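First comes the structure, then the notes that go with it.
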Amino acid sequence: MSAPKRFPASLKSAAAPQRELLMPQRHLRQATADAAKLARPSGTGLDGGAVRERMVARLRAEGKFNEQVLAAMAAVPRHEFVDSALAAQAYEDTALPIGHGQTISKPSVVAHMLGLLLAGRGAQQRGSLGRVLEIGTGCGYQAAVIALLARQVTSIERLQGLHDKARQNLQRLALPRAPRLIWGDGRLGHAPSGPFDSIIAAAGGEDIPPAWLEQLAPGGRLIAPTASGRGQVLVVLDHLLEGGRSHWVRSEHEAVLFVPLKSGVV
Ligand code: SAH
């Protein structure tokens, strides 16, 4: 087995050109430091980080993604979350099957959604996603990226097979703040871990489940693919507290195509 390869070189070089643009910078530095602790040889030739850096460089060239998010994506080995037969495609901007009829989202979609979450007023003030609830752990890739941008991550998956797979994938990575993985129906949220500053759904529903609104802290932001008059779109909801009264402001973004948000566990 070859010596473990380390991420810092790739992350630093990926983050360096934009560094002066970042406000606040603490979290990028934290992501860099956290990424430096991740190390694992995979033997696929993809673990050196160069291919991953190229993926991030392509996203950066589009000029519309948040640099903190790109730095976190530069640190997480996406190929280790997919079947080894698909590893070579892991750094293309494409959704990939992860078993059980589910898919891992396209990197550009992950970057876009996490960027929208970080653009919320609360996240801007704190410079982090804070306490996060993810619905739809899948293979655990997005949970790993979020873990580098948040204080605490709780991620729920309804399919036990994927919940177990994500646990294995994430354990191998030894993230500094391991996501809390729950096997359950994410439509109910996870009250014991809440309230949450950020909520992100990786599966699309007909509506926003009431439990998510109840568990979204004041100042918090939620993003979820949701059915609308023009098909499935990304919906952003902000929980505002004004004069001691809560209200929720909803905005609709572009059309998307996510796997369905289902009820119950399997
Ligand atoms: N974020 C994931 C993408 C997973 S795809 C990743 O990085 O791999 C969406 C996932 O949502 C699927 O695994 C699906 O089983 C799950 N899902 C659908 N409805 C759900 C529900 N009600 N509660 C929890 N998970 C759900």
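Every read-out reported here was derived from the displayed coordinates using simple, explicitly stated rules and does not represent laboratory data. Quick caveat, the model's predicted, so the values are computed rather than measured. Glycine also receives a Cβ, built like all others from the backbone with ideal geometry; neighbour counts cover every protein chain displayed.
Aspartates and glutamates near residue 64 by alpha-carbon distance under 20 Å, same-chain residues fewer than 8 away left out - which ones?
In chain and number order, the partners are 20, 53, 92, 93, 252, 254.
Suppose each label sits 7 Å from its Cα in the direction of the beta carbon; what would the residue 177-residue 250 distance come out to in nanometres?
3.0
Over segment 115-266, what relative contact order in percent results from Cα pairs under 8 Å that are six or more residues apart?
Values: 347 pairs, mean separation 33.1, N = 152.
Reported relative contact order: 22 percent.
So if R0 is 22 Å, what FRET efficiency would residue 62 and residue 95 give, r being the distance between their Cβ atoms, rounded to the nearest 0.05?
0.80
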